[in-house]
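The values are calculated or read from the model by the stated rules, or taken from the named source; none is laboratory data. Predicted model only: the values in this text are computed from it and were never measured. Here the Cβ is made from the backbone with ideal geometry for all residues, glycine too, and neighbour counts use every protein chain on show.
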Amino acid sequence: MIVATETKTASEQTRARLLDAAREVFSQHGFQDATVREICRRAEANVAAVNYHFGSKDGLLAEALNFASLAALQKANVQADECPRKRLRMFIHDFMLMLLDEKNPSSQCRMMARELADPTPALDKIVREAIAPLHEFLGKLVREIVGVKASEAELRRYVHSILGQCLFYRHSQPVLQRLHPRLRYDHKEIVAIAEHIADFSLEGLKRKAKKSG
């Protein structure tokens, strides 16, 4: 029994290393160019380990695309005892830290960025499990701010505008660093960016709410 427990533990450790390595390789090279051999090399695992634990490279990608941290961010925001405007500020702050913090990079965010730039069949899973719930969450939050008179089309544009501002800093980072060589996404800069996006967005929502009121 002891031997079986030790074997299972070693197997679980190998599986975890494969997932960590896969997220890094997928985010750096994309799904098409990522190789099982490179993933296993980084995980210090036999090349047969991917099939053993995940069935295939596709199965490994499906497991690697785990959006628990993004879901937790939304759940914590919904449960926060704050007004909708304050919760939108909180969301933008937390989301920007997830996207940009170089000290705590999100491999899932990098994988999403790679898929958006060069889509593969994995994009369907990303949209279904991460992007669609995020849009639904933010739509409900914005609805609380602008009121029930805003149309669904207007609400959709508000959500797209807010997320577009946030994602610009992530997707355009290589360009921005060439335009501004000293730019670094340290904590102070990320907070400043989040405050700017929140101020800009809330002022726009305030004006729209007045017009529809």
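Residue-wise test of (1) of a type in the set (A, V, I, L, M, F, W, C); (2) surrounded by 18 or more Cβ atoms within 10 Å (Cβ to Cβ); (3) touching a helix residue (DSSP H, G or I) at 6+ places or on another chain (Cβ under 7 Å).
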residue: Ala43; (1), (2), (3): yes, yes, yes
residue: Val47; (1), (2), (3): yes, no, yes
residue: Ser56; (1), (2), (3): no, no, no
residue: Ala76; (1), (2), (3): yes, no, no
residue: Gln79; (1), (2), (3): no, no, no
residue: Cys83; (1), (2), (3): yes, no, no
residue: Lys86; (1), (2), (3): no, no, no
residue: Phe91; (1), (2), (3): yes, yes, yes
residue: Leu123; (1), (2), (3): yes, no, yes
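Pairs under 6 Å by beta carbon, first residue closer than 13 Å to Phe31 by Cβ and crowded, with 21+ Cβ neighbours inside 10 Å in segment 58-69, partner at pLDDT 85 or above and not small (Gly, Ala, Ser), six or more apart or different chains?
Leu60/Val50; Leu60/Phe54; Ala64/Leu19; Ala64/Arg23
Out of (1) in contact (Cβ under 8 Å) with a residue 60 or more places away in the chain; (2) over 16 Å from Asp94 (Cβ atoms); (3) surrounded by 12 or more Cβ atoms within 10 Å (Cβ to Cβ), what's the single condition that is false for Tyr185?
Here Tyr185 meets the rest and fails (2).
Do the conditions hold for Glu102, that is, is it at pLDDT below 85, among the acidic types (Asp, Glu) and not in a helix (DSSP H, G or I)?
For Glu102, the condition - at pLDDT below 85, among the acidic types (Asp, Glu) and not in a helix (DSSP H, G or I) - is met.
Within segment 124-132, identify whether any single residue is in a helix (DSSP H, G or I), under 14 Å from the mean Cα position of the chain (by Cα), acidic (Asp, Glu) and not assigned by TED's automatic domain parsing to the domain that holds Asp58, and answer yes or no.
Yes; the residues of segment 124-132 include at least one that is in a helix (DSSP H, G or I), under 14 Å from the mean Cα position of the chain (by Cα), acidic (Asp, Glu) and not assigned by TED's automatic domain parsing to the domain that holds Asp58.
May I ask you to verify whether Asn46 is outside any helix (DSSP H, G or I) and free of Cβ contacts under 8 Å to residues at least 12 places away in the same chain?
yes
State which residue pairs qualify: first residue within 17 Å of Lys210 (Cα to Cα) and free of Cβ contacts under 8 Å to residues at least 40 places away in the same chain and inside segment 136-148, second residue of a type outside the set (Val, Ile, Thr) and not in a helix (DSSP H, G or I) in any location, beta carbons under 9 Å apart, and separation of 6 or more residues or different chains.
Cβ pairs passing all conditions: Arg143/Ala150.
Taking segment 20-35 as the region of interest, how many residues are among the hydrophobic types (A, V, I, L, M, F, W, C), assigned to a helix (DSSP H, G or I) and either within 18 Å of Leu123 (Cα to Cα) or at pLDDT 95 or above (or both)?
Residues that pass the stated criteria total 4.
I need every pair where a residue in segment 158-175 that is modelled with pLDDT of 95 or more has its Cβ under 9 Å from the Cβ of a residue that is of a type in the set (Ser, Thr, Tyr), sequence separation at least 6 or different chains.
Every condition considered, the pairs that remain are Tyr158/Ser201; Ser161/Ser201; Ile162/Ser201; Gln165/Ser201.
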